[in-house]
Each structure stands twice: as structure tokens, then as C-alpha cells.
Amino acid sequence: MLVVYLMTEMEERSGPPITLIDPIDMSKLDPTFRDEIKSMPNGEALSACFACSTCTAACPIANMWKYKPHQLIRMILLGMKEEVLSSNEIWLCLTCYECQERCPQKVRVTDIFFDCKNLAAEEGKIPPNVVALAKELLTKGQLYTVTADWEREDMGLEPEVPGLSVEAVKTILKDTRTRKIVGGDE
Amino acid sequence: MSNPVLIIGAGVAGMTAAVELADSGIKTVLVERLSTTGGNALNLYKAFPTDDCFYCFEGNRWRPGIRKCFYRSALTEQPNIDLKMNSQVEEISGLPGNFSVKLDIGPQYVDPKKCTMCGLCIEKSKAFSLVSPQCQPQAVVYDPEIEDTGTTSAAEECPTKAINLDAKSTKKIISVSDIVIATGYHEMQPVNVDEYGYGTHPNIITQLELARILDPLGETKGVLLRPSDGKPAKRVMMVQCVGSRDENYYAYCSKICCVFALKHAAILTQDHEDVEVSVVYMDIRTYDRYEKYYRDTRNAGVEYIRGRVSRIEPQDDGSLDIIVFDSLLNKYLKFSVDIFVLSSALEPSAGSSQIISSLGLKSASGFIGAINPETEVVVGNRIYACGSALGPSEVPESVTQARAVVSKILQSKE
Ligand SMILES: Cc1cc2nc3c(=O)[nH]c(=O)nc-3n(C[C@H](O)[C@H](O)[C@H](O)COP(=O)(O)OP(=O)(O)OC[C@H]3O[C@@H](n4cnc5c(N)ncnc54)[C@H](O)[C@@H]3O)c2cc1C
Ligand code: SF4
Ligand code: SF4
Ligand code: SF4
Ligand code: SF4
């Protein structure tokens, strides 16, 4: 599992610190990140976010996250590109859209996390388990193999699973970014 | 003849009350401590909610958003208004309907009815100055503290003989039927709030000081410059609730500082190029239609940081390093800024407590308190208050309260 919680690097200090506070230096962040996300079709309302944290209240799993949805949006606004794109959270998101549905400022939270995943993927920052899934898709043409079992009978379906053409899927995927994610010719 | 109405303070509220009473045929005595009317609103540049400009005189019509301020131009022309500039109320005694008021009327060195603002005296002597081209009454002012050789010749050569250097202050006792308190507010000088360093660095200023910088008629002609070295300022940080909502200073919310901070943020991002603005806040209180400023400024890229300032470190190049705790992110952030603006509390103006105790009024955190919450402007028997004398208020609200006072007085006279 990919766990990268990099904080922006600090300048070398001479002498002892005045306080034990180790702040994030705003000048080391990337203010263009906000604009980058804003320029994407889902990002239009990004800066309308007023940090109410409704999205986090709505999220069924953010309790487990180091950065909650409202914090990720804030980090995007502040320009913490590195931290957002290497965060686990954007990949852990269930894409359930609860947050986006409830956001009072119409920020497309879930879609913005999709955009972040795409940007992260372009930088090659993908958790290994996601890469493994992509590989599975590419080689098998499907993620889950449907097997014949008693439930089909109970539901009055024909006992045999109708043939699924995985070849077409595999061929198509070869020309997509999924292939790039997996990399090489494997 | 019935007694006139005394109005103390010629800010927006006092002027409105005076003009509307006068227009209804009631004589008023309008007492103003300073040498120009208008009060705090004079120095605000653009005003919410309309983004109009406060400079409302004919000569300024070319400026965007100007409407002629009918109140201020009426002050010297309306015969029912007796305007007493540089004056104060010394003592009030007597009974409602027939209060006896002792006035300390400042010396009238320059007669506003004669002065044409030709500028001759200003050239001759530093003791004469023009507060602003929009000052009302329309006249230069003379400062007897500044002694210089040109004053006598200025007085002699004044084409309209408007100058009287020997003018003396006078005491006068008048009888009035009603008293209207419109003494307004004062912006707290946050020198005691140590963590913000006000007074220790020229680039740490208050919102009223920022309003002067933004004003095209101010010293910098509206160009955003650092007070320390006059270099262009590109990064501005504001901090809200300085001395308000703080039991160590004023426990109340000053109500309008969120709105004027955001108004300034809007001006900085819209009228100026490449200026970055951050606002550090505990709550943003943009009540009513002012939510629009909040949304617009977020869209314009203003950075809102919920949290508090932890340290300010002045740098050799005149900038300030400011560490802010972002309570939503649970992280400390370090900014480098050119100007740090404090949204300081609005406190009762000097003298409010004397007025309250001498007239036996109620105090509402130092402002004048209503005797009955349903009639906010009635503060005693034939004693009224309006505008920021009642507590922090915006201009439209001050004007509405002044009109409520007028209506109460007119009803009582029927
Ligand atoms: C930074 C800033 C920006 C603002 N921007 C806006 C805005 O955009 N829009 C808006 O609607 N409002 C704005 N306001 C609020 C606005 O300034 C007030 O609403 C308005 O000035 C209140 O008018 P007033 O007449 O009640 O009081 P004041 O303007 O304070 O006038 C009081 C007058 O009484 C005089 N006085 C006081 N005590 C005495 C005494 N004892 N004897 C004789 N005279 C006395 C004073 O000299 C003064 O002339 C802003 C305020 C601040 C601080
Ligand atoms: S719900 Fe919307 S406005 Fe509120 S914090 Fe989340 S993204 Fe921002
Ligand atoms: S879409 Fe993702 S972030 Fe939004 S509520 Fe669902 S899991 Fe949480
Ligand atoms: S010389 Fe006389 S008229 Fe001219 S500005 Fe001075 S006081 Fe006014
Ligand atoms: S108006 Fe805003 S800045 Fe002013 S005291 Fe209230 S919350 Fe604080």
C-alpha cells in the first residue's frame, strides 16, 4: 500500500528554532494547482468552497482518513499539490457521491477527486493495488469471473453463464491509459 | 416659539436627523466636535452595499458611482439647521421638553459663508489647510497651534475677508426640547493586543488605515504601497475579530468588520493587479445580502483561513513572515506578506460614558442602550440615539435609525 504523506521541505535553519512550530511554507507550495483543477470541467466551483465540511459529514468512510474530504479541497486551494496527489485518500474514495450531492456550494467534490486521480496517474503515483487491478483487467478482460452457482437456479436463470467476450475488452484496453498505467508489454 | 432639538454628532446619522427634522419645520442645533461633518463615513472610499463612493459632492461627480449627498450640502443652506462646528456639549440639566444645554462653541477662525476655498491663505501659511475638497462646511480650517509668519498677511489678503485670527471660543446656554445622540463609534487602536504587533511595525495597520490607502484621494492616490518604504504591496493579509468577541477587550461582535474587510478584499482583487489577499477568521459574518462579497471574493481567489495568527516575524526587506494556525487543516501555515491589516473592534466614541452617566441612560457594552428593545432609538424621556452611537452599524442602518428618531419626535410634537 502506498503511504506517502510528504510535507513540503523546510529550509535549513541556523540556530535553535524560536518555537517548536514547523509550519508549511506557503511559498514552497504550488499556487497553480488550484487553477489547474479549476480549469478542468469539474473544477469550476472549486473556489466557492467555504470549508463548511458538509462533505466530510456526508462521507461514509472519511473517519478512517488522515485528510478528510474538506481538508483535501482546502489543500487543493492552498496549492498542496504534492500532498494531494500522493495521498491515499483520493484512491480510497468510494465514489459514492454523497459529498458532492450535499455540498452547499455545488463543489463537485467526488469529480474533483477523480481529476486528482487522473493527475496522479499521469505522474505515475498509483497505489500498487490499483495497478494490480488494471493489470487484471488488461490480461483477463474482466475483474471478476462470474461462476455458475445455485443462486442462478434459485432466481430462475439458465444454469450456465452466458459467454462473455473478454477479448474485445482486452483489445480496447490496450489502446487506453489503463495500458499505460500497467506499463511495459506484459 | 418652541425649543429646538439638539443633535450631538454630525456623522451620517446626525446629519440625516438634522436635515429631515429641519425639512419638517423643526429647528435643530447640530453640534460637531470636529471641523468637518461626515464622521467616519468620510474616510471609507467605496461603500457597501452599493459600492458607491462616499464623496458625494458636485465636484466629484466624475468619479464612478457618485450620487450627490443631499444631506451634507443641505447643512449650511437649510435655515432650520444651526450648525456648530468644533463644538461640544459641556453640561445638560433641566427637564424633558426644556433641557438646558451648555455649549462650548469653538472659535470660528474662518467664516464658511464667506470662504471660497481660493487657496490663497494655504499658500501663505501652513496654519491653514483644506481637510478635503469635499469638506463640509466648504471652508479651509485654521490651526492656531501652528505659528508662522504668513498668518497675518493671509488674514489681511483674504479676498472675501473670511479670516478672523482673534476668534475666541464661546460658551452658550440654550434650551432644547429633545436630545438626539449621534456620536458614532471609534475604531479601537489595537496597541494592547500584543500578538498582532500593532504600533511596532509600519506595515501592520487597521482597516480604516487601509481604507485611506485604497482611496484615490488619499496620500498614495489609491496605489497600494507599503507604509514602511513606499514599495508596491502585493500580498495582503487580514485578521478578523481583533478585540471583538474577546472577553479581554470587547465581548460583542462588531458586526460590520467582516463586511468591510471583504469589501476591501474585493477592491484589492478587482481594482488592483496581482494582489494576493488572505483573510484569517474565526467566523465570517456576512449577514443579509453581504454573503455576495464572500462568494465573489472566494471566486476572485481570496484565501480564507479559519484559524488564528500564531507569530509575526518582521523581515529585513520590510515584509512580514506570518505563521497562521489553520484549524480546518490542523496545520500551521507560513506566509510572507507586505501589509497586515487588523479588523479592529468598533468601540463607543470618546465621551459616550459621560453622556450615559450625565443623562442617566442605559449602557449597552458602553454604547447607548435602548430603554425598550422594541423601540431601539428611544433611550430616555425625549432622548434618542441613532447610528453607531447605539452600537456598530452600517450606513443604511444608521440612516434608518435617524429617520425613526425623526418620526418619533414628529409624533411627539403633534
Ligand atoms: C473600515 C470601515 C469601513 C466601513 N465601510 C462601510 C461601508 O462600506 N458601508 C457602510 O454602510 N458602512 C461602512 N462602515 C460603517 C460606517 O462608518 C458607519 O455606519 C457610519 O459612519 C456611522 O455613522 P454615525 O453617524 O452613526 O457615526 P460617525 O460616523 O462615527 O459620526 C459621529 C460623529 O459625531 C461626532 N462626535 C462624537 N462624539 C461627539 C461629541 N461628544 N460631541 C460632538 N460631536 C461628537 C464625531 O466627530 C463624528 O463626526 C465602515 C466602517 C469602517 C470602520
Ligand atoms: S461541502 Fe462543499 S463547501 Fe463544504 S467543505 Fe465540502 S467542498 Fe467545501
Ligand atoms: S464520494 Fe468519496 S469522498 Fe465523497 S462521500 Fe463518497 S467516499 Fe467520501
Ligand atoms: S483666502 Fe479666504 S477665501 Fe481663500 S481659502 Fe483662505 S479663507 Fe477661504
Ligand atoms: S463582524 Fe466579523 S470580524 Fe467583526 S467582530 Fe463580528 S465576526 Fe469578528
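The values are calculated or read from the model by the stated rules, or taken from the named source; none is laboratory data. Just so it is clear, the structure is predicted and the values come from calculations on it, not from any experiment. In this analysis, Cβ positions are derived from the backbone assuming ideal geometry, glycine residues included, and neighbour counts consider all displayed protein chains. Heads up: the accessible areas ignore ligands, DNA and RNA and are worked out on the full protein's heavy atoms, side chains in. Shrake-Rupley method; radii C 1.70, N 1.55, O 1.52, S 1.80 Å.
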Item to check | Isolated Cys in chain A, by beta carbon distance under 4.7 Å | outcome: A:Cys49, A:Cys52, A:Cys59, A:Cys93, A:Cys96, A:Cys103, A:Cys116
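What order do A:Trp150, A:Trp91 take when sorted by accessible area (1.4 Å probe), most exposed first?
Solvent-accessible surface, decreasing: A:Trp150, A:Trp91.
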Checklist entry - Looking only at A:Thr171, A:Thr139, A:Thr95, which one moves most when chain A is put into a Gaussian network model with springs between Cα atoms under 10 Å? => result A:Thr171
Checklist entry - Put a dot 7 Å past each Cα toward the Cβ at A:Leu143 and B:Ser310; how far apart are the dots in nm? => result 4.1
Next on the checklist: I want the antiparallel fraction of DSSP beta bridges within chain B, as a percent rounded to 5.
Outcome noted: 55
Checklist outcome for this item: Taking a probe of 1.4 Å and leaving out DNA, RNA and ligands, segment B:151-237 shows per residue an accessible area in Å² of 48
Next on the checklist: Going through the cross-link list B:Lys27/B:Lys221; A:Lys66/B:Lys263; A:Lys106/B:Lys334; B:Lys114/B:Lys231; A:Lys135/B:Lys331; A:Lys106/B:Lys263, which pairs have a Cα-Cα distance over 32 Å in this structure?
Outcome noted: B:Lys27/B:Lys221; A:Lys66/B:Lys263; B:Lys114/B:Lys231; A:Lys135/B:Lys331
Checklist entry - What is segment A:81-166 by shape, rounded, prolate or oblate, if you read a ≥ b ≥ c off the alpha carbon gyration tensor as root eigenvalues and call it rounded for a/c under 1.5, prolate for a/b larger than b/c, and oblate otherwise? => result oblate
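Could you tell me whether segment B:353-414 comes out rounded, prolate or oblate from its Cα gyration tensor? Rule is a ≥ b ≥ c as square roots of the eigenvalues, rounded for a/c under 1.5, then prolate if a/b exceeds b/c, otherwise oblate.
Oblate, because a/c is 1.5 or more while a/b does not exceed b/c.
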Item to check | Evaluated over segment B:188-345, the Cα radius of gyration and Dmax, each in Å | outcome: 14.6, 43
Checklist entry - Percent antiparallel among DSSP beta bridges with both residues in the protein assembly as shown, to the nearest 5? => result 55
Item to check | Cα-based shape type of chain B, given that a ≥ b ≥ c are square roots of the gyration tensor eigenvalues and the cut on a/c is 1.5 | outcome: oblate
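On the accessible surface of segment B:188-345, probed at 1.4 Å, how many percent belong to carbon and sulfur atoms?
The nonpolar share, carbon plus sulfur, comes to 46 percent.
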Checklist outcome for this item: Low-density loop GluC sites (Glu not before Pro), segment A:90-164, at most 10 other Cβ within 10 Å, DSSP non-H/G/I/E/B, are A:Glu160
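Throw me the Rg/Rh for the protein assembly as shown, computed over C-alpha atoms with Kirkwood Rh, two decimals.
My calculation puts Rg/Rh at 1.14.
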